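K.L.:
Take this structure first; my questions come after.
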């Protein structure tokens, strides 16, 4: 069987990169990931590249900056799971035996973009009610039939969990955000690394109740890239490369299976539960074996439901799990020690590789001030609406 | 709701619904869905095949005008042109989940809570140059 390893990986500083475009950022991450793995473009058999907001064909644009070798390029697009999808594409190429080493990269420029998801069709100036689209709507439905905005959608996701199991109120969600912002102070690559008090978080500008501004993911610029290699090929590389390589024990991508309510509120739960279950089976481990988790906290309200979806607690037990202190960096199962998307930032297509970079950093024992001591196994999770979910389980090298 | 005077020009409808799945019948407006005749899954838009069981036969069903609020958010920051604040929610209408705004309730967490009983209501979105009035729907405390 083809086992898969991360050989080299890198993320750029997340934040505002005013004087650099997506190709610059992606190329920086790619060249640093190659360097980290001790390999060059000549070793790569496949390139998978993700970018949502750019002009398309990002993979070939990157090749022009880092090396055009004629290898197959897959440009992928899968909402917030785009980075994980790029990584998985490179992994599938190796598993299929088409290549023994591959490169995945995700990049986004989002600084200053503002609210995502809202708006829809503008009301016409011509002033005629004319039915259009799949619902025959005579004007934009955003704000008239619920909300299309991401903070609003994910607020409802968290509030639904609270309705079902109880205990989740505004303060609880704000405390989750307090944790991630506190964690971010140790991450020099985070877009924001300022600690907030609970009062500051709850008193900040309300975006969509119960999510205030610091409880929302930070739009920013950034890139992340990874070099993956087959186990067989890795054996031919140096001992130092083998020692730093991180095993990909599970790589899973799911979409949302039909559920009764999914046409009116995206169901982010079922596909995450399915991905987690499959990933634990693939890796032959359970949630109890994890030393750290980077999960998709696009909003504070989302983090709560994913404690449950990833099996970090008993079903319905996410509030108790959080209140126990477990997901703090000194707790029993640290979650989002990078600061998460709320403070590290969320350059969409980079996110699904950046979270793997974070986990690899700890498994290699290279995370500096924020090192989770003795970390051997970690999980990285992303979800994009539509929906797509990526879960990767990573293990420290035994070499 | 008030009554609506019919237009003199009978070729032009006097009222149009915001969306096709809102039926403005006389004095009992309601929502409709396409229901899969095989598995009962319901859809507010057209489907080539059922997303749940892949069968291709559908019939129209009326959705209950009463429901319970299963989740909500109060949107304070939205795209330009969208009035804020407003309450967006998912309403469980006798087993069918419906997305909609809440009206006739203060848009704050002291007045809106999951589990509250709601009923369908309609309201005017204004009149176009041809004299046609668009009618939207929302839910209000029952």
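K.L.:
I'm checking my understanding of the structure. Among residues of region B:69-87 that are within 7 Å of chain A (Cβ to nearest Cβ) and farther than 16 Å from residue A:301 by Cβ, which one is surrounded by the fewest Cβ atoms within 10 Å (Cβ to Cβ)?
P.N.:
So in region B:69-87, the residues within 7 Å of chain A (Cβ to nearest Cβ) come out as B:70-79, B:81-83, B:86.
Still in the list and also farther than 16 Å from residue A:301 by Cβ: B:78-79, B:81-83, B:86.
On the way: B:78: 25, B:79: 19, B:81: 14, B:82: 19, B:83: 9, B:86: 21.
Here the residue is B:83.
K.L.:
Separate question: With region A:315-394 as the region, which helices (runs of 4 or more DSSP H) entirely inside it contain at least 3 residues that are within 20 Å of residue A:253 (Cβ to Cβ) and at pLDDT 95 or above?
P.N.:
On the way: elements: A:318-323, A:340-343, A:348-363.
Fully inside region A:315-394 and qualifying: A:348-363.
K.L.:
I would also like to ask the following. For residues in region B:12-28 being more than 12 Å from chain A (Cβ to nearest Cβ) and at pLDDT below 90, which is nearest to residue B:63 (Cα to Cα)?
P.N.:
B:25
K.L.:
Would region A:145-154 turn up any residue that is within 13 Å of chain B (Cβ to nearest Cβ), without any contact (Cβ under 8 Å) to a residue 40 or more places away in the chain and on the phi < 0 side of the Ramachandran plot?
P.N.:
Of the residues in region A:145-154, the ones within 13 Å of chain B (Cβ to nearest Cβ) are A:145-154.
In the following step, the residues that additionally are without any contact (Cβ under 8 Å) to a residue 40 or more places away in the chain were identified as A:145, A:148.
With on the phi < 0 side of the Ramachandran plot added as a condition, the list becomes A:145, A:148.
Within region A:145-154, one or more residues are within 13 Å of chain B (Cβ to nearest Cβ), without any contact (Cβ under 8 Å) to a residue 40 or more places away in the chain and on the phi < 0 side of the Ramachandran plot.
Residues checked against (1) under 12 Å from residue A:217 (Cβ atoms); (2) crowded, with 18+ Cβ neighbours inside 10 Å; (3) touching a helix residue (DSSP H, G or I) at 6+ places or on another chain (Cβ under 8 Å):
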site: A:286; (1), (2), (3): no, no, yes
site: A:297; (1), (2), (3): yes, yes, yes
site: A:303; (1), (2), (3): yes, yes, yes
site: A:307; (1), (2), (3): no, yes, yes
site: A:313; (1), (2), (3): no, yes, yes
site: A:329; (1), (2), (3): no, no, yes
site: A:341; (1), (2), (3): yes, yes, yes
site: A:353; (1), (2), (3): no, yes, yes
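K.L.:
Name the residue that is farthest from residue B:20 (Cα to Cα), counting only residues in region B:114-137 that are under 11 Å from the mean Cα position of the chain (by Cα) and within 11 Å of chain A (Cβ to nearest Cβ). Walk me through it before giving the result.
P.N.:
Looking only at region B:114-137, we keep the residues that are under 11 Å from the mean Cα position of the chain (by Cα), and these are B:119-123, B:135-137.
Pick out the ones that are also within 11 Å of chain A (Cβ to nearest Cβ) and you get B:123, B:135-137.
On the way: B:123: 15, B:135: 11, B:136: 11, B:137: 11 Å.
Per the criteria, the residue is B:123.
K.L.:
Another question about this same structure. Between A:179, A:247, which is at pLDDT 95 or above, farther than 30 Å from residue B:82 by Cβ, touching a strand residue (DSSP E or B) at 6+ places or on another chain (Cβ under 9 Å) and in a helix (DSSP H, G or I)? It would help to see each step written out before you state the result.
P.N.:
On the way: A:247 fails: in a helix (DSSP H, G or I).
Testing whether each residue is at pLDDT 95 or above, farther than 30 Å from residue B:82 by Cβ, touching a strand residue (DSSP E or B) at 6+ places or on another chain (Cβ under 9 Å) and in a helix (DSSP H, G or I) leaves just A:179.
K.L.:
Which residues, taken from region B:88-107, are within 8 Å of another protein chain (Cβ to nearest Cβ) and within 17 Å of residue A:162 (Cα to Cα)?
P.N.:
Of everything in region B:88-107, those that are within 8 Å of another protein chain (Cβ to nearest Cβ) and within 17 Å of residue A:162 (Cα to Cα) turn out to be B:88, B:89, B:90.
K.L.:
Among B:108, B:57, which is the only one that is more than 30 Å from residue A:173 (Cβ to Cβ) and exposed (fewer than 13 other Cβ atoms within 10 Å of the Cβ)? Reasoning before the result, please.
P.N.:
Numbers: B:108 fails: more than 30 Å from residue A:173 (Cβ to Cβ).
Going through B:108, B:57 in turn, just one is more than 30 Å from residue A:173 (Cβ to Cβ) and exposed (fewer than 13 other Cβ atoms within 10 Å of the Cβ): B:57.
K.L.:
Would you confirm whether or not region A:362-373 contains a residue that is in contact with a strand residue (DSSP E or B) (Cβ under 7 Å, 6 or more places away or on another chain) and surrounded by 23 or more Cβ atoms within 10 Å (Cβ to Cβ)? Explain how you work it out, then say what you get.
P.N.:
Applying the first criterion (in contact with a strand residue (DSSP E or B) (Cβ under 7 Å, 6 or more places away or on another chain)) to region A:362-373 yields A:362-364, A:372.
If we keep only those that are surrounded by 23 or more Cβ atoms within 10 Å (Cβ to Cβ) as well, we get A:362-363.
Yes, because at least one residue in region A:362-373 is in contact with a strand residue (DSSP E or B) (Cβ under 7 Å, 6 or more places away or on another chain) and surrounded by 23 or more Cβ atoms within 10 Å (Cβ to Cβ).
The values are calculated or read from the model by the stated rules, or taken from the named source; none is laboratory data. Please read all numbers here as calculations on a predicted model, not as lab measurements. A quick note on method: Cβ atoms are made from the backbone with ideal geometry, for glycine too, and the neighbour counts reach across all protein chains shown.
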